[in-house]
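Report on the structure given below.
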Amino acid sequence: MSRWRFIAALAVAVTFGATACAGPASMAIWVAPEAAAPSAPAGPAPATAAAATTPAAETRGTPVAANGQLRVCGVRLCNQQGRPIQLRGMSTHGLQWFAGCYRAASLTALAEDWRADLLRIAMYVQEGGYETDPAGFTGRVNKLVDQAESRGLYAIVDFHTLNPGDPNHNLARAKTFFRTVSARNAAKKNVIYEIANEPNGVGWGAVKSYAEQVIPVIRANDPDAVIIVGTRGWSSLGVSDGAGFGEITADPVRAGNIMYAFHFYAATHRDNYRAEVRRAAAALPLFVSEFGTVGADGGGAVDVASSTAWLDLLDQLKIGYANWTFSDAGEGSAAFKPGTCAGSTFAGTRMLTESGAFIRSRIRNR
């Protein structure tokens, strides 16, 4: 999330009351020697292992019941049977501003009406977030993990760093947070960890160093959870910095069962970004842990054509995604109209913005 999206969100929180409310495809991926998953070439899964989206809850149970403990197999995300899957869902906005949007009714609507697979829990570190009340925000995250689990949803625990852009600024906080959260949730099958939202202003080496210090903290408690590593240039695989995914394949994070984050905003990031993702997907396990249907500032009109092109590509490549944002922020990226979270109705389309209606339709009609 950009600084401009933060400013817009803060303005809405005041108005509505937030609490009420390029490497070759043959490049090998580094795998930890102790990893239990079988080795696989760094390329698309064989045609005989058909990738699939998670089935609708009413036909084969919830996403977690159907797929169990996830793992990375080659460049794909796989379920407990080793079958490649694609997860689709929504990201929260800042918990400090939009807590009222994440209640029983809204989360049930996400699971049952939207038929989503996951909830990304965006816990800001700065900007009135974790650093102001570590115990309180840790508790909020754990509560949302439990609420996702009770509805059969996967939960991405997002350590939402943005400013400062160097994740190493928050290294000590990250170790404390992930040590606590991973110990508490180690037995759960629905938790995915995203250790740094959008690194920016630093090179890949700094991001990699941070990852290789935080991942062992999680692994000490939870050896099985999938971990998403942010990439430089606001998790653009370096494209926004004039680089590309090749720097990652040339010097990958030394850890197993990890994926790399890619973020985009459809009205800003277009063909050259899509081309990079298509190339990178043959060499790296990718997860789009945040994207918007609008511009990179979180506002403006929905770019239906670019959003459709993006989601068609992600579906084709079976890359999972979380849309920004499951909130009623007064910005174009919000799924709900302003004031929705102060009420009790979240199911259906009456309370949805153009972006919300578009994304709900894409998630439901899989």
So which residues in the range 127-143 are closer than 18 Å to Ser91 by Cβ and in contact with a helix residue (DSSP H, G or I) (Cβ under 8 Å, 6 or more places away or on another chain), if there are any at all?
-> Glu127, Gly129, Tyr130, Phe137, Arg140, Val141, Asn142
Could you tell me which residue of the range 181-214 is surrounded by the fewest Cβ atoms within 10 Å (Cβ to Cβ), considering only residues that are out of contact with any helix residue (DSSP H, G or I) (no Cβ under 9 Å at 6 or more places or on another chain) and within 24 Å of Ala135 (Cβ to Cβ)?
-> Ala187
Please indicate, with yes or no, whether at least one residue in the range 331-344 is touching a Cys at 6+ places or on another chain (Cβ under 9 Å) and closer than 26 Å to Arg219 by Cβ.
-> no
Output yes when any residue across the range 146-161 is more than 24 Å from Gly356 (Cα to Cα) and either in contact with a Leu (Cβ under 9 Å, 6 or more places away or on another chain) or surrounded by fewer than 20 Cβ atoms within 10 Å (Cβ to Cβ) (or both), and no when none is.
-> yes
Inside the range 193-243, the number of residues satisfying the requirement of being closer than 18 Å to Arg173 by Cα and of a type in the set (Ser, Thr, Tyr) is 3
Top-ranked residue in the range 71-99 [being of a type in the set (S, T, N, Q) and in a strand (DSSP E or B); ranked as surrounded by the most Cβ atoms within 10 Å (Cβ to Cβ)] = Ser91
Hey, Ala309 closer than 27 Å to Ala280 by Cβ and aliphatic (A, V, I, L, M) or not | yes
Among the numbered conditions (1) crowded, with 24+ Cβ neighbours inside 10 Å; (2) under 30 Å from Ala66 (Cα atoms); (3) hydroxyl-bearing (Ser, Thr, Tyr), tell me where Tyr102 comes up short.
-> (1)
Of Thr62, Thr92, Thr54, which residue is at pLDDT 95 or above, in contact with a helix residue (DSSP H, G or I) (Cβ under 9 Å, 6 or more places away or on another chain) and under 15 Å from Lys189 (Cβ atoms)?
-> Thr62
Would you be able to tell me the number of residues in the range 181-195 that are in contact with a strand residue (DSSP E or B) (Cβ under 6 Å, 6 or more places away or on another chain) and part of a loop (DSSP other than H, G, I, E, B)?
-> 2
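The values are calculated or read from the model by the stated rules, or taken from the named source; none is laboratory data. A quick note: this is a predicted structure, and the numbers were derived from the prediction, not measured. Counting neighbours? That spans all protein chains shown, and the Cβs are built from the backbone with ideal geometry, glycine included.
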